[in-house]
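Asker: Let me give you the structure first, and then I'll get to my questions.
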Amino acid sequence: MNQDNVTAMDIARSLPGILKRFPAIAKGYYYYSIKDANKPLTLGTLIENNAAKYRNRPAILFEDRSITWGDFNSWSNRIANYFQAQGLKKGDTIAIFMENRPEVLAVVAGAAKIGIACAMLNTSQKGKLLEHSANLVTPKMIVVGEELVAAFDDVKESLPLNHSTPFLFLADTNTLATFGEAPPGYDNMAQQVSTFNSANPVLSDPPTAGDTAIYLFTSGTTGLPKAAPGSHTKFLKAYGGFGLMSLSMKPDDVFYCTLPLYHGTGLVVCWGAVLAGGSAFALRRKFSASAFWSDVRHYDATVFGYIGELCRYLLNQPPSDQDRNHRLTKMLGNGLRPSIWTEFKDRFGIETISELYASSEGNIGFSNFLNQDNTVGLSTAPYKLVKFHDGTRDPVRDDNGFMQKVQKGEPGLLIGEITQKWSFEGYTQKDATEKSILRDAFKNGDAWFNTGDVLKEIGFRHLQFVDRMGDTFRWKGENVSTNEVENIIDGSGIVEEAIVYGVEIPKTNGKAGMVTLVPKSDSFDINKLLTYMQKNLPAYAVPVFVRITNAIEKTGTFKYRKVDIQKAGYSLDRYGEDVFAWLPKTKEYTLLTPELISDIDSGEFRF
């Protein structure tokens with residue numbers, strides 16, 4: 001198939017597979033289409049159903065641990081009863097600050113059973129960003145893993161939590177077997193949980209599908225991170241749409257996940273698919289390209305969760321006669337580029353790529369339900385692709401003030417209509433929510449969610465991702481807010497002006513961060529700035545490139561000419577300006593030369 005075209009023949013070839021999967025598709029569509037927010041079907045009830053049907057089958061695999069559905073349900077029940085004893089109730093929020101391990105899922109499940117929402121703090125955040133994120137959701141308690149206590153202690157005193165014992169500790173071990181010792185100022189959660197009843201909670205006011213189950217933190221179009229609420233319905237849609245309609249998950253499937261559980265792809269999409277099959281969820285703390293296929297064989301995995309960057313790292317590994325020595329034939333995720341799609345399938349023997357498009361806060365999603373190549377697939381949600389101003393996420397409006405649809409095959413800004421069925425849950429901050437809504441788009445009174453992403457139709461309503469526009473770019477699988485990074489740089493005190501944007505590096509996924517800046521003095525030390533940014537930003541948000549200039553050009557209305565700066569990339573074409581790069585496996589910025597740029601462009605450095 002041409003990478004930019006889905007044909008009738010391609011669709012016809014997929015029909016036998018669809019017919020074979022029809023029972024799973026029909027069941028999946030039921031869950032995917034649930035509209036009743038008051039329906040008593042939640043993440044907790046999905047887990048209880050699996051415990052009843054697959055009690056002795058594995059639910060979670062991690063390192064040398066195997067936890068059955070029955071034991072996982074009992075564990076989450078004890079956690080639910082513990083939270084109730086702490087005075088927490090339906091509608092309250094807790095925060096979780098832990099790396100990937102079974103305890104994360106158990107806490108989310110236990111909280112979900114009694115209607116408590118879990119705010120999934122980004123484990124890469126520290127300092128001001130972590131403090132800001134935690135304060136967005138006013139949690140009653142925060143569960144901190146031993147592996148992150150040092151980072152959390154830096155902000156602990158600045159969090160005004162409304163609980164007598166707000167800080168909970170979970171040792172970095174198998175907490176079902178050993179509790180560890182909590183540091184001063186923390187309660188040992190595992191030790192206390194172990195004393196509670198393991199029966200399913202009986203509630204007078206149980207949670208329902210429309211209640212908030214989680215908060216995910218997203219770098220939006222402006223400023224610091226935003227907290228996006230996710231209802232139990234999001235898990236139901238993943239359960240039906242991905243687990244059943246796309247993957248037909250079964251109890252003997254094993255889903256290998258190295259994606260962080262503070263992300264919607266890892267927690268909602270991947271775990272939701274696992275729940276649908278009563279399958280096993282094999283977790284790894286962090287992704288490792290060299291250990292990936294060994295893990296796949298160790299867990300006998302059949303499916304894995306991906307982002308495009310992860311797939312590129314796997315392709316960069318030396319070919320091996322073990323590349324197809326596994327049972328893994330399906331994958332679920334987003335960001336797989338057309339340029340490596342076929343190569344990845346052929347090398348590793350992948351049969352089904354369930355590429356998706358979605359966002360934590362959005363009201364629209366796409367799934368490659370028909371298993372076509374190089375596409376995010378179809379959506380049943382109402383959407384349009386519209387013309388936009390180059391370099392921005394702003395739509396073009398005609399003389400009547402209305403938006404204009406693009407022609408088929410032409411890149412357009414994706415917007416999703418906000419209706420009762422396709423509601424927009426938005427953010428905890430009302431002003432941020434309103435900024436993401438486009439009103440009076442095609443008629444007076446309508447409302448649409450602005451994704452900020454550019455896609456194009458490639459045939460039979462299948463879309464292909466093109467780019468992320470405006471003030472957010474994606475790097476290392478993470479969304480980076482340019483304003484967020486600019487604010488941190490401004491706080492250094494050694495920079496007069498700074499403009500942050502994303503630039504493309506050949507043979508990489510996404511866009512690398514770059515800043516053009518004006519120093520405050522001639523004695524400017526670029527590596528002093530690097531040290532400051534490393535202390536206050538996640539590693540993926542620290543700019544890879546720095547351009548130093550004497551002045552940044554502005555328009556007549558005093559707006560930066562960001563598009564012009566961005567087009568220059570990290571080239572050395574602009575007279576009188578130095579460009580530096582934070583090269584892989586180095587500790588300082590390096591002044592770029594034509595030779596180094598040639599090496600970067602040819603893929604000599606693996607960013």
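The values are calculated or read from the model by the stated rules, or taken from the named source; none is laboratory data. All values reported here derive from a predicted model rather than from experimental measurement. Quick reminder, even Gly has a Cβ in these numbers, built from the backbone with ideal geometry, and neighbours come from all protein chains shown.
Asker: Listed residues Asp211, Asp205, Asp172; which is closer than 28 Å to Leu41 by Cα and under 27 Å from the mean Cα position of the chain (by Cα)?
Answerer: Asp211
Asker: Return the pairs, sorted by first residue and then second, in which the second residue is part of a loop (DSSP other than H, G, I, E, B) and not hydrophobic (A, V, I, L, M, F, W, C), the first residue lies in segment 236-254 and is closer than 10 Å to Ala276 by Cα, the beta carbons are less than 6 Å apart, and the residues are 6+ apart or on different chains.
Answerer: Once the first residue is closer than 10 Å to Ala276 by Cα and sits in segment 236-254, its partners that are part of a loop (DSSP other than H, G, I, E, B) and not hydrophobic (A, V, I, L, M, F, W, C) give Ser248/Arg21; Met249/Ser279; Pro251/Tyr54; Pro251/Arg57; Pro251/Gly278.
Asker: When the residues of segment 180-189 are filtered to those that are without any contact (Cβ under 8 Å) to a residue 40 or more places away in the chain and touching a Leu at 6+ places or on another chain (Cβ under 9 Å), which remaining residue is farthest from His163 (Cα to Cα)?
Answerer: Gly180
Asker: Now a separate question. Yes or no: Ala95 closer than 18 Å to Thr178 by Cβ and touching a helix residue (DSSP H, G or I) at 6+ places or on another chain (Cβ under 7 Å)?
Answerer: no
Asker: Listed residues Ile34, Ile18; which is within 26 Å of the chain's Cα centre (by Cα) and either surrounded by fewer than 20 Cβ atoms within 10 Å (Cβ to Cβ) or outside any helix (DSSP H, G or I) (or both)?
Answerer: Of the residues listed, the single one that is within 26 Å of the chain's Cα centre (by Cα) and either surrounded by fewer than 20 Cβ atoms within 10 Å (Cβ to Cβ) or outside any helix (DSSP H, G or I) (or both) is Ile34.
Asker: Only one of Pro40, Pro58, Pro16, Pro23 is within 24 Å of Asp252 (Cα to Cα) and assigned by TED's automatic domain parsing to the domain that holds Asp252; which?
Answerer: Result of the check over Pro40, Pro58, Pro16, Pro23: Pro58.
Asker: Only residues in segment 519-532 that are of a type in the set (S, T, N, Q) count as the first member; pair them with residues that are surrounded by fewer than 12 Cβ atoms within 10 Å (Cβ to Cβ), Cβ under 6 angstrom, at least 6 apart or cross-chain, and list the lot.
Answerer: Once the first residue is of a type in the set (S, T, N, Q) and sits in segment 519-532, its partners that are surrounded by fewer than 12 Cβ atoms within 10 Å (Cβ to Cβ) give Asn527/Glu588.
Asker: Here is a list of conditions, (1) more than 20 Å from Thr392 (Cβ to Cβ); (2) in contact with a Gly (Cβ under 9 Å, 6 or more places away or on another chain); (3) buried (at least 23 other Cβ atoms within 10 Å of the Cβ), and Gly513 meets all of them except one; can you say which number that is?
Answerer: Among (1) more than 20 Å from Thr392 (Cβ to Cβ); (2) in contact with a Gly (Cβ under 9 Å, 6 or more places away or on another chain); (3) buried (at least 23 other Cβ atoms within 10 Å of the Cβ), the lone unmet condition for Gly513 is (1).
Asker: In addition: If the Cβ limit is 7 Å and pairs must be 6+ apart or interchain, which residue in segment 107-131 that is assigned by TED's automatic domain parsing to the domain that holds Val202 pairs with which residue that is outside any strand (DSSP E or B) and among the basic types (Lys, Arg)?
Answerer: Ile114/Lys90; Gly115/Lys90; Gly127/Lys535
Asker: What pairs come out if I take residues in segment 416-445 that are within 26 Å of Gln404 (Cβ to Cβ) and pair them with residues that are of a type in the set (Lys, Arg) whose C-beta lies under 6 Å away, six or more apart or interchain?
Answerer: Every condition considered, the pairs that remain are Lys421/Lys35.
Asker: Where residues in segment 550-595 are hydroxyl-bearing (Ser, Thr, Tyr) and farther than 26 Å from Arg393 by Cβ, which of them is modelled with the lowest pLDDT?
Answerer: Tyr575
Asker: Can you tell me which residue is surrounded by the fewest Cβ atoms within 10 Å (Cβ to Cβ) among those in segment 47-65 that are without any contact (Cβ under 8 Å) to a residue 60 or more places away in the chain and more than 26 Å from the chain's Cα centre (by Cα)?
Answerer: Step by step, filter segment 47-65, then rank; the result is Asp64.
The rows are residues; the columns are (1) modelled with pLDDT under 95; (2) acidic (Asp, Glu); (3) closer than 15 Å to Leu356 by Cβ.
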residue: Lys250; (1), (2), (3): no, no, no
residue: Asp253; (1), (2), (3): no, yes, no
residue: Tyr256; (1), (2), (3): no, no, no
residue: Gly266; (1), (2), (3): no, no, yes
residue: Ala273; (1), (2), (3): no, no, yes
residue: Ser279; (1), (2), (3): no, no, no
residue: Ala301; (1), (2), (3): no, no, no
residue: Leu310; (1), (2), (3): yes, no, yes
